[in-house]
Amino acid sequence: MFLLVLGALLLLFCTIDVWYFLRGAKVFFQAIFQPRVADIMAEQSVDGVVLPHDLDYMGHMNNSRYLRECDFARFHHYMRNGLFMASHRLGARMVVGASTIRYRRSLAFREPFEIRTRVIGWDEKAFYLEQRFVSKTDGFISAVMLCRQNVVRCSPEQIIEFVCKTKITCPEFPEDLKHWMNYISASSQALRAESGLEKKEE
């Protein structure tokens, strides 16, 4: 019986990213029992530390780990400010449509950090977020990520109005976000032209 259970666990860990789903469940229940953040534009932070399974061959935090940590930080952010539950109740889904990250300084083994996440704007199809990795050793911003979170079967305005019970005016986009949005639009048009598809904004 013991060998059967062991074999089943081994098969499970070999075929599914078990730790990812366990981490997601942990973030979900942590956010549920934390105070609600009423301001959807407010910056929120989550703490982290570089562990052995985060390391690459250079002994630094693996590049792909930054993106993974950002996933959990965004989920925590949406849970705290109500956007996740609102999208669920409206039958909408939020999926990553684009992201870009700039690495400024590597995070070393056992180095504590925090991820600061904030919504910086939205349009008719997506939310735009900025996420910063800030070293708790000296406050240096080690990496900055921009994320376009597409909203399917709904719109950001509807979700915000559902949460805030009123319409909120989107703030003016910062210049770096405008440049990035222009890149996304240009890339989309180029790929559609290359594929022989009609010009259509993604």
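With viscosity set to 1.002 mPa s and temperature to 20 °C, compute the Stokes-Einstein D of region 7-61, Rh being the Kirkwood radius across alpha carbon pairs; µm²/s, no decimals. Rounded, D is 147 µm²/s. Distance in nm between label sites at M1 and S185, each 7 Å beyond Cα in the beta-carbon direction? Rounded to a tenth, the inter-label distance reads 6.5 nm.
Working note: Cα atoms of region 125-193, range along each principal axis, descending, whole Å: 42, 41, 21. Calculated on the alpha-carbon coordinates, the convex hull of region 1-111 measures out at 182 cubic angstrom per residue. Rounded to the nearest whole Hz, the Karplus-based 3J(HN,Hα) values (6.51 cos²θ - 1.76 cosθ + 1.60, θ = phi - 60°) of region 186-194 follow the sequence 5, 5, 4, 5, 5, 5, 5, 5, 5, with x at glycine and proline. In the neighborhood of V119, defined by Cβ-to-Cβ distances under 14 Å, what is the net charge if each Lys or Arg adds +1 and each Asp or Glu adds -1? Result for the local shell: 0. The angle between the Cα long axis of helix 18-32 and the main principal axis of the chain comes to about 60°, on a 0 to 90 degree scale.
Only lysine pairs 8 or more places apart or on separate chains count here, and in the chain those with Cα atoms under 24 Å apart total 9. For region 3-66 and region 148-202, what is the separation of their C-alpha centers, rounded to whole Å? Distance between centres, Cα-based: 28 Å.
Taking the square roots of five times each eigenvalue of the Cα gyration tensor of region 113-158, the equivalent ellipsoid has semi-axes of 28, 7, 7 Å, listed largest first.
Annotation for region 122-202: trypsin sites (Lys or Arg not before Pro) lying in DSSP loop with at most 10 further Cβ atoms inside 10 Å of their Cβ are R153, K165, K167, K199, K200.
Read the figures in this text as sums done on the coordinates, not as results from a lab. This is a predicted model, so every value here is computed, not measured. Neighbour counts are summed over all protein chains in view; Cβ atoms, including those assigned to glycine, are modelled from backbone coordinates with ideal geometry.
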